[in-house]
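Chemist: My structure is below; once you've seen it, I'll send some questions.
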Amino acid sequence: MSTPPTHPIVAMHAITKRFPGGVLASDHADLDLYAGEILGLLGENGAGKSTLMNILYGLLRPDSGEIRLRGKVVHFHSAHDAIAHGLGMVHQHFMLVPTFTVAENLMVGQPSPRGPLLENRKTVARRITQLSEQFGLKVDPAAEVWQLSVGQEQRVEILKALYRGVEILILDEPTAVLTPQEVDELIIILRKLAQDGRSIIFISHKLHEVMSVCDRIMVMRDGRVVETVLASATNAAALSRMMVGHDVLLRVDKKPATPTAVRLRVRNLHVRDERNLPALRGVNLEVRAGEIVGIAGVEGNGQRELEEALVGLRRVEQGQIHLGDQEMTHCPPRQWFDAGVGHVPSDRYKTALLRDFSIAENLVLSKIDQAPFTRHGLIDQRAIDAHAQALVQQFDVRTPSVDVEVGKLSGGNAQKVVLARELAHQPQVLIVAQPTRGVDVGAIEYVHRELVRQRDQGMAILLISTELDEILNLSDRIIVLYEGRVMGECASADADVHHLGLLMAGAGD
């Protein structure tokens, strides 16, 4: 974008929003957006980005503050109000009807004298084709949405907004479910939209992406706007400092791995999902002591089912799982724990922690019935508290007391509690899934360092993550999973992002 015009197309001033419990999600936040601009909205989960955008889009009402659109004060009571004023929002989780065609999804909710789905389909198809060609949004109007890739579904969402005449487009974490190639394609599309005069707000927590696509970057922390800078005048280190308030080491410093004996061996693993459909189709892998093996892939390609099968939480239909020489294929979770497997799950609150229990209680969940925490059938609270104090100090959990409920901790501190508990019993194998999801940059640095330290001490670690940067940063070997199959494997030192992206999209060697 060239020098921005004097008057912003959107101006949000002193926007404040409190949620029940006193959480100040937006604290007198200001935002200006200009015509033809791509504005990056950067911040960790919980920084206030989505709250501010949900207010702009009419999904939330601010407690105080003012929104001006094209210079006039507006009050949106719903998303329909925002859409009527030329705003569109593409959410992280797409809002499409899978059994409808692309054209039908665009027509849903649109006014028509003969009903929403009876609009002239040829006219709609022509308009889709025109928009597709204009902005590089290649998609077949007659294709049913369930047949499309995730990247194509996102294009349909953008097309839906353009079809409605949107001039201002809000994208909420738009790259979270895309392959590297699809991210590159999206950036080209967004630049074409901006060149056409559309204004875009690009919400993300990924530094390199906002720097590559945005004109200006606005950083939020704890509901406040920390700073707004030109993308061309900043760097990743400066942005991360703004996000967390101190300097952060963006890459973990690790020496080459020295793997030894195979600790985890998976052979021809077949597992079904909740719908009884195949989720893993003949997966083979090995993890050795002293190495981190990363499982890369776009979310929804069997990662969660693999994670659950490897700790006894999901039934194995076919195949074998061994820990060393011990077969564990059909063992329950407690047996996996006793055999020396630690598990940091992808959903810490659903699987790992009890929100209403204290930090101290959560840290002994797996061994509350054992000495020294239980003696002669009685719980020893003093031993539990002493254990918790030691782990909180060792793992740098920021809390005023071990009696604080886990649900009141930040995402990063809650993750440290899970990691502390799992590592306290010194497992031989650690299954760690999405270890930094919802975690601030400072805590990410800590978690990454700790995983590498455990590797160096001889632990076998299987890392499952949809963050490709995290996989590349931590792994010694990388395995790509697509539709429940292993598409390829390579040493991280030899990894090529373009090739990994092709494998993540299902293109074999």
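The numbers here are math on the coordinates, done by the rules we state, and not lab data. A quick note: this is a predicted structure, and the numbers were derived from the prediction, not measured. Backbone-built Cβ (ideal geometry, glycine too); neighbour counts: all protein chains shown.
Chemist: Less than 15 Å Cβ to Cβ from residue 75, Lys/Arg counted +1 and Asp/Glu -1: what total charge do the surrounding residues give?
Modeler: Details: positive: 17, 61, 68, 70, 72; negative: 63, 66, 81.
Combined, the nearby Lys, Arg, Asp and Glu give +2.
Chemist: Find which of 303, 107, 425 sits farthest along the positive direction of the dipole of the chain, computed with +1 on the beta-carbon of Lys and Arg, -1 on that of Asp and Glu, about the Cα centre.
Modeler: Of the options given, the answer is 107.
Chemist: Which of 405, 173 has the fewest other C-beta atoms within 10 Å, and how do the rest follow up to the most?
Modeler: So the residues, fewest neighbours to most, are 405, 173.
Chemist: Ranked highest first by the average count of other Cβ atoms within 10 Å around their residues, in what order do 134-147, 308-321 fall?
Modeler: Details: 134-147: 15.6, 308-321: 18.6.
Highest-to-lowest ranking by the protection proxy: 308-321, 134-147.
Chemist: So, with +1 on the Cβ of K and R and -1 on the Cβ of D and E, and no other charges, what is the size of the charge dipole of the chain about its Cα centre, to the nearest 20 debye? If you can, show how the numbers build up before the last one.
Modeler: Working: 54 positive and 63 negative charges, 139 e Å.
Dipole about the Cα centre, nearest 20: 660 debye.
Chemist: How are the C-alpha pair distances of the chain spread across 20 Å bins, as whole percents from the shortest bin up?
Modeler: Answer for the chain: a P(r) of 21, 51, 26, 2 percent.
Chemist: Can you tell me the order of 446-452, 277-283, 100-106 when each peptide is scored by its average per-residue count of other Cβ atoms within 10 angstrom, highest first?
Modeler: 100-106, 446-452, 277-283
Chemist: In addition: Where does each of 121, 251 land when they are ranked from fewest to most other beta-carbon atoms within 10 angstrom?
Modeler: Numbers: 121 15, 251 11.
Ranking 121, 251 by Cβ neighbours within 10 Å, fewest first, gives 251, 121.
Chemist: Further question: Just to be sure I understand: of the beta bridges DSSP finds with both ends in segment 10-244, what percent are antiparallel, rounded to 5?
Modeler: The answer is about 55 percent antiparallel.
Chemist: Here is a follow-up. Report for the chain the percent antiparallel among DSSP-assigned beta bridges with both residues inside it, nearest 5.
Modeler: Beta bridges within the chain, antiparallel portion: roughly 55 percent.
Chemist: Using C-alpha positions alone, give me the convex hull volume of segment 10-244 per residue in cubic angstrom.
Modeler: Per residue, the Cα convex hull of segment 10-244 comes to 127 Å³.
Chemist: Taking all pairs of distinct Cα atoms, average 1/r, flip it, and tell me the Kirkwood hydrodynamic radius of segment 191-299 in Å to one decimal place. Present the calculation step by step, with values, prior to reporting the outcome.
Modeler: On the way: mean 1/r = 0.0537 Å⁻¹.
With all distinct Cα pairs of segment 191-299 included, I get 18.6 Å.
Chemist: Here's a follow-up. I need 17, 72, 408 ordered by Cβ neighbour count within 10 Å, fewest first. Write down the numbers at each step before the final one.
Modeler: Values: 17 22, 72 8, 408 14.
Ranking 17, 72, 408 by Cβ neighbours within 10 Å, fewest first, gives 72, 408, 17.
Chemist: Mind giving me the nanometre distance, one decimal, between the label points for residue 208 and residue 150, set 7 Å out from Cα along Cα→Cβ?
Modeler: 1.7 nm
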